[in-house]
Each structure stands twice: as C-alpha cells, then as structure tokens.
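Okay, structure first, notes after.
The values are calculated or read from the model by the stated rules, or taken from the named source; none is laboratory data. Since the structure is predicted, the reported quantities are computational estimates derived from the model, not experimental observations. Here the Cβ is made from the backbone with ideal geometry for all residues, glycine too, and neighbour counts use every protein chain on show. The accessibility values were calculated without ligands, DNA or RNA, using every heavy atom of the protein model including side chains. Shrake-Rupley method; radii C 1.70, N 1.55, O 1.52, S 1.80 Å.
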Amino acid sequence: MGKIKLLTPEVRNKIAAGEVITRPNSVIKELIENSLDAKARRIEIEIEEGGKKKCLVNDNGIGMAREDALLAIERYATSKISDVEDIEKIRSYGFRGEALASICQVSFFDLETSNGIEGTRIEVSGGEVKGIFDSHRPMGTRIKVTGLFFNLPARQKFLKSADWERRLVSETVRVYGLISFNVNFTLVETDRTLVNLSAVTTLEKRLKLIYPKIVTDHLIKLDQTTNNVIFNGYFSQRDFQYRHALNYLYVNFRPVRYPRLYRTIMETYENPKNVPAFLLNIVIDPSQVDVNIHPGKTEVRFRDERYIADLLTQAIKKHVFNRPSPVDYSFPDPKAVTSFTGTVRREEFVQEPVIAYDPASQKEIPTTRESGVFWQLHNTYILAQTKSGMIMVDQHVAHERIIYESVLKGTVHGQRLLFPISLELTPEAYEIYTKTKPVLEELGMEFKEFSARTVIIDSLPSDARVNREDIANFFDEIGNLGDLMKEKSEVAKVLACKAAVKAGERLSIVEMQSLIDQLFACENPYICPHGRPIVIKFSLEDLATRFGR
Ligand code: ADP
Ligand code: MG
C-alpha cells in the first residue's frame, strides 16, 4: 500500500487556520479589518489575558443578513471579490474569505450581527455550528472569540505571556486607529482602557492624540502626488533623533512591512543612528501592487519597486528636507523685508524643475547630434539643447547612474588597467574586501592578492575614473553599509559614486556628448541611485513666459 494519503478536511482546515491566525493579535487584526470594510464608525475591542482568554470586537458597520452570516464563516466565503481579476482592483482589507472560517476552527466563536432588518446570532465551536438564534441588536456586528487554540494545544503553548500578547494587540489597534482617524476606537482589558481614540477629522489630529509633542515640534507633513502615486504622511526633520519607534508604513491604508522601503528611507536620511520617525501612506493604483503574497496580507510588493523607491527619496528630499522646521521662532530677515518690493514673490520664478520619471512616457532625448552644441558650466553641469528647450545635467550623478545601471546589468566588463593600482589595506578595509570580493568581481572588478593585506586592482568597470584615494575611501564606504554590503545593488551604488566623473572635472565636447547619449539610454535617466535629480529641464515655454514674450 502506498504511503501517501489525503488529509481529512478537519486536518486541512486546522492547517489552513494556522496560517492566518497565529495569536490573539491576528484575531483582533482580522476582526478590525472586517469592521473597517463594513464601514464601521465605532469599533470597540475587549480582551482578557492579552486576548488569550477572550477577544471581542463590536462595530456599528453595515452588519450581515442571516444568510450572509452563515456563509461568512465558511472558508473562501467573501463579499469583497468575485473573480481573480478583482484582486488587482482590491480596495478593501479583506478578500481571501479565510479569516472568520479560520478563527471558527480554532476557538469558541460567537457572532451576533444585524443589518438593520434581521438580527442573527451564531455559535460555533471548533468549526462546528452549535446554534443559530434570532437576535435584537442595532445595526452592526459583534464577534466574541474565547478559548483560542483550545483544540490546538501545540499552538496554545506557543503563545507568550498575557503582557506580551496585550502589547501586540494594543499596537495593532494603534496602527489601524492612526490611519482610520475618522473611526472611534477603544480597547479595554477587564475594565482597564488601554486605547481610546475618538474620531477626528484629520490624520494630524489623530497622530497628535498619540504622540502630542513630537508631531508639533518635529514632524513635517508630506503630501505629494507624482504620476498617480500619492505619498501622504509625516516625516521627522533630517537631523532629529527620536529614541522611540514611530514608524508606520501603509500601502493603500493597509499597514505593511516593506523592508526595501524602510531601507530607502534610511538611505535618504543617510543612515542615521536612530530610525527617523515617520508615518507614510502610499496610495497607488491597486493593480500596481500585489497584496496577495501571504495569508496575513501584511506583505505587499510594488510591481516597480525601484521606481517607487526613487520617487519616495525624491519626495522626502524635496518636501521634507527642504522645509524649514515646523516651529520657526526666528524673526524675518530685516534685509529681506526692506528689499521686498511687493511686486513679485520669489516662488514665481521657481518652476517645477525636476523631470519626474515616468516609465511610460517618452524620454525627450537631447538633439545633440543635430546641434552638436554643449556647454559645461563651472566644470560641473552640462547644458544641452532639446526639442522643446534645454536641459541642465549634473555630470557626476549622470555618470553615477550610467555606471550603476551598467554594472548591475552586467553589460560592462572589467577593463584591464594599464597601470594596476596596488593598495595596502588597513585590517578593517581588508576584512571588508574579503567579505565583498565576490560581489565586486561580479560588478567588473578584478583583484590580485600580493603579500599580507596588499591588493592589486587589475581591472575596473570600463569608463571608471578613479585614483588610489578613491579606492581607499571605497572600502570605508562599503564598510558603512553594514549588513547591506552583501547586496549587489548597494555595493554598486558605492562603486558608481566613486567611479563617476566628479564635479569640477573638465570634459571635452566628445566626452559630454557620450555622457548625455549614455544617460538617455539608461532605464531611469532622471534620478541618481541615491535619489538626487540628474536633469533639470527648461522648456521654451517657460523661457518665453519669463522673458514676457
Ligand atoms: P474577507 O474579509 O477576506 O472577505 P472574512 O472571513 O474576514 O473574509 O469575512 C467573510 C465575510 O464576512 C466578509 O466578506 C464580509 O462580507 C462578512 N463580514 C465579516 N465581518 C463583518 C463585519 N464586522 N461586518 C459586516 N460583514 C462582515
Ligand atoms: Mg476579513
């Protein structure tokens, strides 16, 4: 007889339930999401023993008809999507139709709901319906879950202390409470109120309820839309150090973990010792983000991660770092006041200079070949003519982008150096070298080891402009990456920066032309790997307006 047999439905259901529901906190999270999806304006949560003994969520949402309530506890029963394509358009928190079914499987479950027409109460124990009754309650739904994992002792043992579980639940209530600021949330544990958030009209007011001091003094509002991607939230000032964690990330109002974006934020702040304080909601067309990665729905992935990361860096630099501190007690500069003529404001001269990167739009490639005209400004910027005006390109970041993309794609091969660079590395630098050597070789560098700690660099990505000093700094900078030094793209950024032509270096016409041509052959010619703009555009229209034509 064969060894493989199909699992019974009972075992299958328990396994599936364990993926969605891992602890009291996941019960609370799923029930809050359902209440929000049901458009509740008030959500009352009660727990006992951190939720291990009891989790209860009561809302004033749209409730359910009896027929729906009975279906709701079945697996894959949902009112939120009907076919696979709908996942691409998802705007609700739920869509998998698994939460209630999973909770029912592993607890004593008591649901009471009313849609304003009929009221129903259903009792379920370990997945088995024990009773269906009429109920009289106002519109809304109340779900009580007791004895979580009573029939899965292994899971129950895995739970931590009541204190620990309570902290997780409180944090979850806060996370949803912050972003749904117009909903009243309370969390009570045996008569002790742990969270009480009254409904308010703005995110700022909600944030202030929880973090009164920091918001007023140190957070800067970000409200920025670029190419249909909205960044909405608050970020701490560049140099502000906040000891506590205030890091909330949402995508389309869904709280998410997204390490790549955390890293982007850290990098934009130039890797400070403390994580900057922020609350960010990224609103984007649901088809551009995959939420169906894990049953817990806390992980999402953007279709074009790099693009979103670049836009975010650009938005923070432009709108957070460039903004004066929110509390500005400084007196106006008397000179500025006296020279003010009252006719024009400075802002009127400031146009929207950076070209947003839109992968769908056509790049406007400079008409270099036709005109052959370039001008290098202060040996740092290149001016070139385009069809609709002119552009100014920062030569260093442009070159950085070119090298970065080409080393990552592996389209550049190492170029053998006529005069290999020999370096005696410090013990620290030598350790970094041994750790990152495989990555560096992939990026087109070649090494020979000489005697102890002396390394000879034989080959560099073609087109690199480096000297001994650059290479010595190079290992220091890679060291600053910490754990990220094993990541090819991170090392590539450092390499690109060191190998790129510097500001202040004179370029010939041919070099400028080649730089511009290569730049516009890049996937993203507008933002450097660290998030700085590369190109500033001046359209003929802008110029005409300024000259009053
Ligand atoms: P999902 O949220 O993924 O649809 P759930 O198992 O969490 O799956 O819920 C199943 C269905 O039950 C939902 O689609 C919704 O129609 C209904 N439901 C659950 N909770 C509530 C609630 N608090 N108010 C109204 N309807 C609810
Ligand atoms: Mg749900």
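Scanning region 167-190 for residues that are open to solvent by 40 Å² or more (accessible area, probe 1.4 Å) and not in a strand (DSSP E or B) turns up 167, 168, 171, 174, 181, 182, 190. Candidates are the residues of region 514-533 that are within 23 Å of the chain's Cα centre (by Cα) and at pLDDT 80 or above; the one that is most open to solvent (accessible area, probe 1.4 Å) is 523.
Residue 112: over 37 Å from the mean Cα position of the chain (by Cα) and either farther than 21 Å from residue 18 by Cβ or of a type in the set (D, E, K, R) (or both), yes or no? Considered against the rule, which asks whether it is over 37 Å from the mean Cα position of the chain (by Cα) and either farther than 21 Å from residue 18 by Cβ or of a type in the set (D, E, K, R) (or both), residue 112 comes out as yes. Reported count of residues in region 35-75, each being free of Cβ contacts under 8 Å to residues at least 40 places away in the same chain and within 12 Å of ligand 2 (Cβ to nearest atom), is 1.
Just to be sure before I move on: is residue 161 assigned by TED's automatic domain parsing to the domain that holds residue 99 and more than 25 Å from residue 63 (Cβ to Cβ) in the structure I sent?
Details: assigned by TED's automatic domain parsing to the domain that holds residue 99: yes; more than 25 Å from residue 63 (Cβ to Cβ): yes.
Yes: the conditions hold for residue 161.
Take residue 502 and decide whether it is touching a helix residue (DSSP H, G or I) at 6+ places or on another chain (Cβ under 6 Å) and in a loop (DSSP other than H, G, I, E, B). In short, yes. For residue 207, the criteria (1) part of a helix (DSSP H, G or I); (2) of a type outside the set (Ser, Thr, Tyr); (3) surrounded by fewer than 18 Cβ atoms within 10 Å (Cβ to Cβ) hold in every case but one, which is (3).
Considering only residues that are outside any strand (DSSP E or B), open to solvent by 10 Å² or more (accessible area, probe 1.4 Å) and not small (Gly, Ala, Ser), which ones fall in region 374-395? Please lay out each step first, then the result.
So in region 374-395, the residues outside any strand (DSSP E or B) come out as 378-380, 387-388, 395.
Keeping just the survivors that are open to solvent by 10 Å² or more (accessible area, probe 1.4 Å) gives 378-380, 387-388.
Those that are outside any strand (DSSP E or B), open to solvent by 10 Å² or more (accessible area, probe 1.4 Å) and not small (Gly, Ala, Ser): 378, 379, 380, 387.
Scanning region 461-513 for residues that are open to solvent by less than 20 Å² (accessible area, probe 1.4 Å) and at pLDDT below 80 yields a total of 3. Taking (1) assigned by TED's automatic domain parsing to the domain that holds residue 399; (2) in a helix (DSSP H, G or I); (3) farther than 19 Å from residue 397 by Cα; (4) of a type outside the set (Lys, Arg) in turn, residue 447 satisfies each apart from (2).
Only residues that are within 22 Å of residue 295 (Cα to Cα) and either in a loop (DSSP other than H, G, I, E, B) or not assigned by TED's automatic domain parsing to the domain that holds residue 22 (or both) were counted in region 96-149, giving 9.
The set of residues from region 75-91 being of a type outside the set (A, V, I, L, M, F, W, C), within 7 Å of ligand 1 (Cβ to nearest atom) and open to solvent by less than 60 Å² (accessible area, probe 1.4 Å) comprises just one member, 78.
Taking region 102-145 as the range and being within 12 Å of ligand 1 (Cβ to nearest atom) and over 18 Å from residue 58 (Cα atoms) as the test, the residues that pass are 102, 105. Just one of the listed residues (158, 108, 150, 133) is of a type outside the set (Lys, Arg) and under 28 Å from residue 249 (Cβ atoms), namely 158.
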